[in-house]
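Chemist: Have a look at the structure that comes next, please.
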Amino acid sequence: MPATVLEARALLLDMDGTLVNSDAVVERCWRRWAVAQGLDPEDALKVVHGRQGYATMAALLPDRPMEQNHAENRIMLAEETADTDGVVPIGGAAAFMASIAALPHALVTSADEALAQARMTAAALPMPATRVTAEMVGASKPDPEGFLKGAAELGFDPADCIVFEDSEAGITAGRAAGMRVVGVGPRAAALSPDAHVEDLTRLRVQAGADGSVRLHINAA
């Protein structure tokens, strides 16, 4: 099957599920929280990926005061930051990050700065100099604020950016920002991204003389 080729000026990268496999930690922490709330852990895990913790709590407990969600989210972030057992890079992530090191790119994550640093370090991946973390936005994915801010920080129009995402909330946010989306991993497969890869091993990045970024994507 011939490769799909997408051209952009900048790349916006989610972290969890896209660059870093942190599912083991996420599931441990959120199962524990769900049980404490009298919720079915499996139902909780269906909505947790891609969102900031307070937004997940609001979705699962819609009648609860948002102040309580923000307070418990701070506790959750501290627990997740301290737990890096099982955090590993997504396949091909190290080579992919090396290939885009000199190209315009930013991390756009629902993690806060401390959690992002902990997980990128645990996965032995370089932290992008430009990043949009939870503290920098007023709304969680699926709101497009984070991706729009990432594009603005890099100095590019949204239409010139490609998002890498694994979750429904993240893919929805990328689309709402007016960006094309490369879906990564099994969660993204059923969400009709512009292109889909199981991991990052099937990507080849080519820098154009005009500053463009060409992505050669072999999904087969």
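The values are calculated or read from the model by the stated rules, or taken from the named source; none is laboratory data. Quick caveat: nothing in here was measured; it's all calculated off a predicted structure. Using ideal geometry, Cβ is built from the backbone for each residue, glycine included, and neighbour counts are taken over all protein chains shown. For the accessible areas, the whole protein counts, side chains as well, though only heavy atoms, and no ligand, DNA or RNA atoms are used. Shrake-Rupley method; radii C 1.70, N 1.55, O 1.52, S 1.80 Å.
Chemist: In the range 173-190, which residue that is touching a residue at least 40 places away in the same chain (Cβ under 8 Å) and assigned to a strand (DSSP E or B) is nearest to P89 (Cα to Cα)?
Modeler: V184
Every residue, every condition in (1) over 14 Å from the mean Cα position of the chain (by Cα); (2) open to solvent by 40 Å² or more (accessible area, probe 1.4 Å), yes or no:
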residue	(1), (2)
A8	yes, no
G17	no, no
S22	no, no
W30	yes, no
D40	yes, yes
A44	yes, no
V48	no, no
A55	yes, no
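Chemist: Moving on to the next point. Here are some conditions: (1) more than 25 Å from Q117 (Cβ to Cβ); (2) in a helix (DSSP H, G or I); (3) of a type outside the set (D, E, K, R); (4) open to solvent by 30 Å² or more (accessible area, probe 1.4 Å). P62 meets all but one. Which one does it not meet?
Modeler: (2)
Condition check ((1) modelled with pLDDT under 95; (2) among the hydrophobic types (A, V, I, L, M, F, W, C); (3) in a loop (DSSP other than H, G, I, E, B); (4) closer than 21 Å to E80 by Cβ) across all residues:
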| site | (1), (2), (3), (4) |
| --- | --- |
| Q117 | no, no, no, yes |
| M120 | no, yes, no, yes |
| A124 | no, yes, yes, yes |
| S140 | yes, no, yes, yes |
| F147 | no, yes, no, no |
| E153 | no, no, no, no |
| F156 | no, yes, yes, no |
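Chemist: Among what's in the range 98-117 and is surrounded by 16 or more Cβ atoms within 10 Å (Cβ to Cβ) and free of Cβ contacts under 8 Å to residues at least 40 places away in the same chain, pick the residue that is nearest to S140 (Cα to Cα).
Modeler: It comes out as D112.
Chemist: For the range 83-97, does any single residue satisfy the condition of being of a type outside the set (A, V, I, L, M, F, W, C), assigned to a helix (DSSP H, G or I) and open to solvent by 40 Å² or more (accessible area, probe 1.4 Å)?
Modeler: Our first condition is that a residue be of a type outside the set (A, V, I, L, M, F, W, C); within the range 83-97, this holds for 83-86, 89, 91-92.
Right, trim to assigned to a helix (DSSP H, G or I) and you get none.
No: the range 83-97 contains no residue that is of a type outside the set (A, V, I, L, M, F, W, C), assigned to a helix (DSSP H, G or I) and open to solvent by 40 Å² or more (accessible area, probe 1.4 Å).
Chemist: Determine, yes or no, whether N69 is more than 28 Å from G183 (Cα to Cα) and open to solvent by less than 40 Å² (accessible area, probe 1.4 Å).
Modeler: Working: more than 28 Å from G183 (Cα to Cα): yes; open to solvent by less than 40 Å² (accessible area, probe 1.4 Å): yes.
Against the criterion (more than 28 Å from G183 (Cα to Cα) and open to solvent by less than 40 Å² (accessible area, probe 1.4 Å)), N69 qualifies.
Chemist: Return the total of residues in the range 191-220 being in a loop (DSSP other than H, G, I, E, B), over 12 Å from E7 (Cα atoms) and out of contact with any Lys or Arg (no Cβ under 6 Å at 6 or more places or on another chain).
Modeler: 10
Chemist: Scan A190, A207, A219, A177 and give me the residue that is at pLDDT 95 or above and either open to solvent by 40 Å² or more (accessible area, probe 1.4 Å) or within 17 Å of A10 (Cβ to Cβ) (or both). Write out each step before concluding.
Modeler: Values: A190 fails: at pLDDT 95 or above; A207 fails: at pLDDT 95 or above; A219 fails: at pLDDT 95 or above.
Only one candidate passes the filter, namely A177.
Chemist: For the range 126-138, which positions are outside any loop (DSSP other than H, G, I, E, B) and of a type in the set (A, V, I, L, M)? Don't jump to the end; show me each part of the working.
Modeler: Initial filter on the range 126-138 (outside any loop (DSSP other than H, G, I, E, B)): 131-132, 134-136.
V132, A134, M136, listed by residue number.
Chemist: Would you please list the contacts, defined by Cβ atoms under 6 Å and residues six or more apart or on different chains, that run from a residue in the range 18-31 that is more than 18 Å from G183 (Cβ to Cβ) and touching a residue at least 24 places away in the same chain (Cβ under 8 Å) to a residue that is assigned to a helix (DSSP H, G or I) and of a type in the set (G, A, S)?
Modeler: W30/A44
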